[in-house]
């Protein structure tokens, strides 16, 4: 089945283009003048393009809450790069501040359930001599903030925590994080890619805080992202020219356009009943199923299921053939899937992690599509369990 | 883009669903395209078989794998509008093919990993995936022909029409249960025509080079691969002896040699060019060399026999046999023993019969069965 008629249930990977993005794009394409030039130029063309960036910056700051100023928003080429840019800047600044002798005395705390973009920075940080600690994760997938005070050292320069987990939808306890970090005046970085637009963000502009945002998760063009960095956080970073080069004006315009209409409460009101219906139906009609992270507060659109005795990868393929797009684990460049590091960090076995899929929906997902999905899911899970049991028994030829 | 509409499920149920094993090369791409044209419901699957290796042989960092081949396969599938998936088969391939390859060399045999891959991965591991996806058959880009004998109710395997490309030798291990579910649509086409079809269908791989002989060894030599993968204690050095017992040199580990080899022996004797590897004395870790005449032998034992056509086990079978992929098959008599073992006696002596290689039995164009050469009849 081609992508044209498939029902899309993988919004956390990338949301469909938001109607506001489409509107912004078509407006810009009609008036080509607005697309000519470099925002850094002095002339009228440059000014016009620069205004698009300013508008977007303003919309984004509004979407983040009161007291947040547009000049605290920095555009990045993606959410991934937002994470990596801020981690690199903070750690490099901390190393520089300690001088030559301080090389081995910078400490970074993060968690094992971060997005791959953050986890990949651990190896890099270690090569610079940064010591890295991982905050434990409860078996329900929530970073355990209660042990954070004990992990803090005088050398702790940065705490990075994912706000809303992309695979399970579990919401981290950020209020406790705020308390610990602000008490010790430690730079706190929140990966807000999956929180933006799904979760009311009550942020304190007085803290040393940075939040990464991603465009493609809210229905802006992919290849767009942003960082919100508070003034006191900026003081801890030596270099704030994060981005060199001409901005992605079209992408940023969509980022601003969608940010302007984000409304987490209204969104949750639409999405939650549909997801509750889905989870309830799955648990009632399929045996041997776990909803990962269900004991916690989760965002309204994400469910991560483990079906005993099946391979999630096979389920994703079989569902795709039937016309439903869901995901399992984390996709790699070649297109194969590895077992989810998030589920492994939550203490699931490799087999359990492999037996999992993520369903994530959005504001335009309709209940009748979920009904259709459920009917196919029941049959497919049953078929896979039977097939895999048969093969395990035979151990060989078909 | 997401379109949340109500669709009918029925249209997917009518058509026969076929999984095509796609390497990213031109043959499997054309296979998929042909089947799609014929109206089948085709699903493309690319198996990741081994760790990604860069052109210079270094391991790529990160977890991603031969992206060029999977990308090529994906682009073809997009072009012909079929679904495409990448399946991680690395563990199975490691266990069933690479480990076997290493073990065989360390046991003084010369393995054929393509045959092992066909019987263990393409036509076993992949069938589980096919079942999961509800595919009735698996199609590959192999050059061989499978025909259904309606009278006998059996499937039969024949050489490809293009003798240059014939791959039937590598497929002797297919059983009736497997053959029933396998399609090889390229068996009746010459390779030049396959490339032409790829070009006409606008497939981006039309001019892609054919794949290497041993895909997981990369650009280097198999010897280096084995040495990288095994402990030195498993690769003991020893002496080189002639068939008369005369010591003529030292060797760097028996895995570095294969029957019939002449190059790289470094013999200390008057006329080193006269000698070929004729066998191994693994007990004494010795490499046995002999003259070219001594390479020619008539009798062998082979194990793990698989008969595709029915044979009468009570009497000797007269047929032709091929002892390596490029060998011209020769007349022989096959006698069946218990435990899937056969004794083969060629009418004329054959050059460099090599334990570990397959011996495949032909009746003219048809593959009637095959086995793995275990040993020659009394070397000395």
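The values are calculated or read from the model by the stated rules, or taken from the named source; none is laboratory data. Just so we're clear, the structure is a prediction, and the values are computed from it rather than from any experiment. Glycine gets a Cβ as well: all are built from the backbone with ideal geometry, and neighbour counts include every protein chain shown.
A single entry from A:193, A:210 fulfils the requirement of being at pLDDT 95 or above, outside the structural domain of residue A:291 (by TED's automatic domain parsing) and within 14 Å of residue A:15 (Cα to Cα): A:193.
Given the options A:12, A:38, name the one that is in a loop (DSSP other than H, G, I, E, B), within 30 Å of residue A:372 (Cβ to Cβ) and either touching a helix residue (DSSP H, G or I) at 6+ places or on another chain (Cβ under 9 Å) or within 14 Å of chain B (Cβ to nearest Cβ) (or both). I'd like the intermediate steps shown before the answer.
Numbers: A:38 fails: within 30 Å of residue A:372 (Cβ to Cβ).
Just a single option satisfies the conditions, and that option is A:12.
Given the criteria within 9 Å of another protein chain (Cβ to nearest Cβ), within 24 Å of residue B:186 (Cα to Cα) and at pLDDT 90 or above, does residue B:79 qualify? Taking the combined requirement at face value, the residue does not satisfy it. Taken over segment A:346-380, the residue count meeting the criterion of being over 28 Å from the mean Cα position of the chain (by Cα) and crowded, with 21+ Cβ neighbours inside 10 Å is 1. Residue A:306 meets the conditions (1) at pLDDT below 95; (2) buried (at least 18 other Cβ atoms within 10 Å of the Cβ) in every case but one. The failed one is (1). Hey, among A:79, A:46, which residue is within 23 Å of residue A:257 (Cα to Cα) and in contact (Cβ under 8 Å) with a residue 40 or more places away in the chain? Matching residue, one of A:79, A:46: A:79.
Give the residue that is modelled with the lowest pLDDT, with candidates limited to residues of segment A:356-388 that are over 22 Å from residue A:11 (Cα atoms) and within 11 Å of chain B (Cβ to nearest Cβ). Across segment A:356-388, the extreme among qualifying residues is A:388. Within segment A:138-189, being surrounded by 15 or more Cβ atoms within 10 Å (Cβ to Cβ), in contact (Cβ under 8 Å) with a residue 60 or more places away in the chain and not in a strand (DSSP E or B) holds for A:138, A:140, A:141, A:142, A:165, A:166, A:167, A:168, A:169. Looking at (1) touching a strand residue (DSSP E or B) at 6+ places or on another chain (Cβ under 8 Å); (2) within 11 Å of another protein chain (Cβ to nearest Cβ), which is the one condition that is false for residue B:108? (2) is the only condition that residue B:108 fails.
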